[in-house]
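The values are calculated or read from the model by the stated rules, or taken from the named source; none is laboratory data. Here the structure is a predicted model, which is why all the values come from computation and not from measurement. Every residue, glycine as well, gets a Cβ built from its backbone with ideal geometry; the counts of neighbours run over all protein chains shown. Quick note on the areas: whole protein, heavy atoms, side chains included, nothing else; ligands and nucleic acids left out. Shrake-Rupley method; radii C 1.70, N 1.55, O 1.52, S 1.80 Å.
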Amino acid sequence: MKRFSLHAICPYFAMFPEKFVRDQVEAYSNPGDWVFDPFCGRGTTILESLLLGRHAAGVDINPVAFCVSQAKAERPTLQHILSRLQKLEIEYNPVSLEKQRLRLPPFFKRAFYPTTLRELLFLKANLDWHNDLTDRFIAALILGSLHGEMDKSSSYFSNQMPRTICLKPDYSLRYWKERKLFPKKREVFTMLKEKAEYRLGGFPRCLEGKVALADARRSSKVFSSLKNTISLVVTSPPYLNVTNYEEDQWLRLWFLGGETRPTYGKISKDDRHHVSVKYWQFLKETWLGLAPLLRKSAKIVVRLGSIGINEAKLVAQLKLSIIDVFPQAQLIARPVRSEIVRRQAQSFLPSSKGCLFEVDCVFKIQKTR
């Protein structure tokens, strides 16, 4: 099956490939079925399901994930995007933004060329990504290009950084100073027009999906109209003790209206990432919140990883979290382990330790009511 460039609109840490989703959707659902992802991230499950003729919906508590996933689920026309960018470029006044640029912390002045940063500040203030699908798509294009490897590509707006996560400001400044790295001038409006044409050029007509900015535990509240409708769930929850998306995506969150430094606990409101007991309770509550949406004999496919837990215990804990909600649930395939051999952050943080493996589990749900 052809790989569409829209999938890669915004590189994301711990993203699973579209082939993984395609295999699950084709194996465990039929055209016209509903597929759901309570941790939709960059929207791979959503978009691949739509391309395969399924209906798709999902939630994510991270504004970055919502913006990117919904941009894939509900796509504006290329002409609407180009017209909107042209209008914004006409309205752009760099003089009025210089004082705002100078007030930003040192990180921003070393991360972005002055003219580039002024253009980003203007778009940050004028894109209604919450409510307008064209503005949301433009914002998603910006998020995917906001930072990346300057030495490998001119597609990114920033100084040298990973493309999947943004490192902390103090570390980044030290890194750039030690290596004498400075940002390159980028023409933001021109690049966005080119990116829109690349991402949507040749994209086929397909169904549109639904994505909500919400906690996974509220899935059935947010999508009450889908009660007893979902045939398949394909998801990858945040891994235990591996990452915190609020920290890793802090620069993208800043562009969407967040703070100028990494924050902790302001979005998720609880420590679900590093405390084992809370983590498994959180997953149990996620399945509980999802339960009213599932059809009888629905399937749940979960890709999961962790640091400090072996494969057998990881599978056992995941199974327990599901059986606590669906007592008759069954693993219908042997869990598949895959090694994680490439981690982009190693180039920037050589001493960092990460998740070494992932496990894929498929459950058949027998609803009792």
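Listed values, structure above:
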read-out: Reachable aspartates and glutamates from LYS124, criterion Cα separation under 16 angstrom, eight or more residues apart if same chain; value: GLU89, GLU91, GLU98, ASP132, ASP135, GLU187, GLU259
read-out: For the range 1-69: relative contact order, % (alpha-carbon pairs under 8 angstrom, 6 or more apart); value: 32 percent
read-out: Heavy-atom accessible area order for TYR171, TYR113, TYR156, TYR279, largest first, 1.4 Å probe; value: TYR113, TYR171, TYR156, TYR279
read-out: FRET E, pair TYR92, TYR198, Förster distance 25 Å, beta-carbon r, rounded to 0.05; value: 0.65
read-out: Candidate values (i) 5, 24, 33, 24, 11, 3, 0; (ii) 5, 24, 28, 20, 14, 7, 2, 0; (iii) 5, 20, 29, 25, 15, 6, 1, 0, label of the one derived for P(r) over Cα pairs in 10 Å bins from 0, in percent; value: (i)
read-out: The chain - mean residue ellipticity at 222 nm from DSSP helices (-39,500 (n - 2.57) per run, n ≥ 4, rounded to 500); value: -11500 deg cm²/dmol
read-out: Amide H within-cut-off set for GLN160, under 5 Å, with H built and near neighbours excluded; value: MET150
read-out: Rounded to 5, the percent of DSSP beta bridges in the chain classed as antiparallel; value: 40 percent
read-out: At R0 = 41 Å, FRET efficiency that the Cβ-Cβ distance of ASN310 and PHE189 yields, to 0.05; value: 0.20
read-out: Pairwise FRET efficiency - LEU320 versus LYS278, Cβ, R0 = 22 Å, nearest 0.05; value: 0.90
read-out: In the range 75-156, trypsin sites (Lys or Arg not before Pro) in a DSSP loop with at most 14 other beta-carbon atoms within 10 Å; value: LYS152
read-out: Hits among lysines - C-alpha to C-alpha of LYS319 under 17 Å, sequence gap 8 or more where chains match; value: LYS278, LYS284, LYS299, LYS364, LYS367
read-out: Residue-span extension gain [LEU331 to THR115] - 0.36 nm each, minus C-alpha spacing; value: 72.3 nm
read-out: ³J(HN,Hα), Karplus 6.51/-1.76/1.60, whole Hz, each residue of the range 293-302, x for Gly, Pro; value: 7, 7, 7, 4, 6, 5, 10, 10, 10, 10
read-out: Top of LEU104, LEU123, LEU133 by mean-square fluctuation, Gaussian network on the chain, Cα under 10 Å; value: LEU104
